[in-house]
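The values are calculated or read from the model by the stated rules, or taken from the named source; none is laboratory data. Predicted model only: the values in this text are computed from it and were never measured. So basically every Cβ, Gly included, is an ideal-geometry build from the backbone, and we count neighbours across all protein chains shown. Just so you know, the surface numbers come from the protein's heavy atoms only, side chains and all, with ligands and any DNA or RNA stripped out. Shrake-Rupley method; radii C 1.70, N 1.55, O 1.52, S 1.80 Å.
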Amino acid sequence: MTHLQQDDIPSGTTGRYSLFESLEASSDEIDICGLKIKTNAVDAFEVPRFSFLGSVKFALGFIFLLPIRAVLMIAQCLIITIIYILVYPLIGPIDKPQNLFIRFLARSVGYIWARLNMLILGFIYVREHGHPHRDAKLLVAGPHTSSIDMFYFIYKFGPSFAVGEFVSKAPFIGQLSRVYNNLVIDRKATGNSTQFLENLKKRISEEDESGRSFPKVVIFPEGATGNGRSLNYFHSGAFVPGEPLQPIIIKYPYISNCTAWSVRSWVSHFIIVMSQLTNWIDVTYLPLYVPSAVERDHPRLLAYNVKIAMSLQGELARTELTYADRKEYEKQRKAALKCGYRMPQPRQRSLQYQNQREPLIPVDPGAIDIGPSWFFEGASDHVFYSSQPLPPYEILYQLEYGKHSNASASENQHLRSGNEGSEFV
């Protein structure tokens, strides 16, 4: 088995993160109403239907819980809006660190507001494994499943987020983008990725003339919500700076009804969440991941290794499905429902994890053992130093450009020359 070199990891750090899986998504399809729908898209995006008991619980919650929670949500949003209006003249531009008063207000009021939201929505208890690293400026979280992700991180850190342009322009939530110095991504704008990367590097490393720094940055590298049963395609933007980062796994265990956003509308998502008496959130902090020199030079390789680590630690399937795949699945889903068909149900998370395709290089689940001491109180400085060497050209090419790439001859030559001297070649 090929894995990271344990001998190259300083003593007192974590175990090893393993390497690769096949990037080729499942080609299995099902024919519904003349539509060719990928089974792995069903597994990644479809939200399980309510059981009979779940339907009864939802009906009772809709009648008795939803009205009360809706009123409480509106009331606390109005209070936050009033506070925002009062301090608006003191809020600086989105691309500059906020002054100490606004930072304090955002952290303290945001802490109360976010935790209150979670309580109103039924998230009474948050189960956490591991600890946030004190030096982590960049937090990489997944699978991205719910709007509650945002509330949890505001409650925990008061960070900046990488958000879509539609979020930054949304009523109320959009106004908070300036307060938290959010990074705005416009999927439709050309050249936006370059600007995003410049802003991200600035958020992680820079201070203003007064010595004020930006808050931590939380990025969901999938860029879109799924049903929480797999880690989908990781965009490489968060990994381009090559800075140390902390991977975080978020799960939403449930008994009756799945609260994932995914293919639901945001209205349906919130109605279902507010109609459940109790909801759960389970968060696992992996050690601070310090990339190797090779990973810093190849962000796709770093993204892939972090994804593998999160997958094995969280027992989550890995797919290469993107936001575009989800949009395509949503269109097919709507067409199938109009034809009177019911969508098949996604497989259980454990089955997806066990039955995914074999990796290109065998992966030993024990190779990412982070050690029991990581879960002890006070273990907030645990660090993993990656010693990832240069992989074979074929694997690196597949990671960098994808299976159906039209990479130029110069790019091919660059990758091949970079593999000279690699122990894998």
Requested in this report: Taking LYS36 as the residue in question, decide whether it is open to solvent by 40 Å² or more (accessible area, probe 1.4 Å) and in a strand (DSSP E or B).
Outcome: yes
Report task. Please work out if PHE64 is among the aromatic types (Phe, Trp, Tyr) and out of contact with any helix residue (DSSP H, G or I) (no Cβ under 6 Å at 6 or more places or on another chain). Result -> yes
**Report entry** Residues satisfying the stated conditions in the range 49-61, i.e. surrounded by 15 or more Cβ atoms within 10 Å (Cβ to Cβ) and part of a helix (DSSP H, G or I)
**Finding:** GLY54, LYS57, PHE58, GLY61
Report task. Run ALA25 past the list (1) at pLDDT below 95; (2) out of contact with any strand residue (DSSP E or B) (no Cβ under 9 Å at 6 or more places or on another chain); (3) open to solvent by less than 50 Å² (accessible area, probe 1.4 Å) and report the number of the one that doesn't hold. Result -> (2)
Query raised in the report: Looking at ILE271, ILE255, which is the one that is within 30 Å of LEU72 (Cβ to Cβ) and free of Cβ contacts under 8 Å to residues at least 60 places away in the same chain?
Result: ILE255
Report summary line: The correct count of residues that are out of contact with any Phe, Trp or Tyr (no Cβ under 8 Å at 6 or more places or on another chain), touching a residue at least 12 places away in the same chain (Cβ under 8 Å) and farther than 18 Å from LYS216 by Cα in the range 92-120 is 3
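Among the residues of the range 204-214, are any closer than 23 Å to ARG349 by Cα and in contact with a helix residue (DSSP H, G or I) (Cβ under 9 Å, 6 or more places away or on another chain)?
no
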Report task. Within the range 260-278, identify whether any single residue is in contact with a His (Cβ under 7 Å, 6 or more places away or on another chain) and farther than 19 Å from LEU53 by Cα, and answer yes or no. Result -> yes
Query raised in the report: Is the range 298-321 home to any residue that is surrounded by fewer than 17 Cβ atoms within 10 Å (Cβ to Cβ) and over 30 Å from LEU119 (Cα atoms)?
Result: no
Requested in this report: Among the residues of the range 208-229, write down those that are of a type in the set (Gly, Ala, Ser) and surrounded by fewer than 22 Cβ atoms within 10 Å (Cβ to Cβ).
Outcome: SER210, GLY211, SER213, GLY223, ALA224
Query raised in the report: So which pairs qualify, if the first residue must be in the range 187-206 and closer than 17 Å to PRO221 by Cα, the second must be at pLDDT 80 or above and of a type in the set (Asp, Glu), the Cβ gap must be under 8 Å, and the two must be at least 6 apart or on different chains?
Result: ASN199/ASP95; ILE204/GLU243
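Residues checked against (1) open to solvent by less than 50 Å² (accessible area, probe 1.4 Å); (2) assigned to a strand (DSSP E or B); (3) modelled with pLDDT under 95; (4) within 22 Å of GLN246 (Cα to Cα):
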{"residue": "VAL47", "(1), (2), (3), (4)": "yes, no, yes, no"}
{"residue": "ILE82", "(1), (2), (3), (4)": "no, no, yes, no"}
{"residue": "ILE85", "(1), (2), (3), (4)": "no, no, yes, no"}
{"residue": "SER108", "(1), (2), (3), (4)": "yes, no, yes, no"}
{"residue": "ILE112", "(1), (2), (3), (4)": "no, no, yes, no"}
{"residue": "LEU119", "(1), (2), (3), (4)": "no, no, no, no"}
{"residue": "TYR152", "(1), (2), (3), (4)": "yes, no, no, yes"}
Requested in this report: Determine whether TYR353 is closer than 20 Å to TYR233 by Cα, under 19 Å from the mean Cα position of the chain (by Cα) and open to solvent by 10 Å² or more (accessible area, probe 1.4 Å).
Outcome: yes
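Residues of the range 323-360 being part of a loop (DSSP other than H, G, I, E, B) and either more than 24 Å from LEU286 (Cβ to Cβ) or of a type in the set (D, E, K, R) (or both), which ones? Quick ask: steps written out before the conclusion?
Within the range 323-360, the first condition is being part of a loop (DSSP other than H, G, I, E, B), and the residues that meet it are 339-348, 356-360.
Listed by number, the residues that qualify are CYS339, GLY340, TYR341, ARG342, MET343, PRO344, GLN345, PRO346, ARG347, ARG357, GLU358.
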Query - Residue in the range 132-141 that is open to solvent by less than 60 Å² (accessible area, probe 1.4 Å) and more than 17 Å from the chain's Cα centre (by Cα) present - result: yes
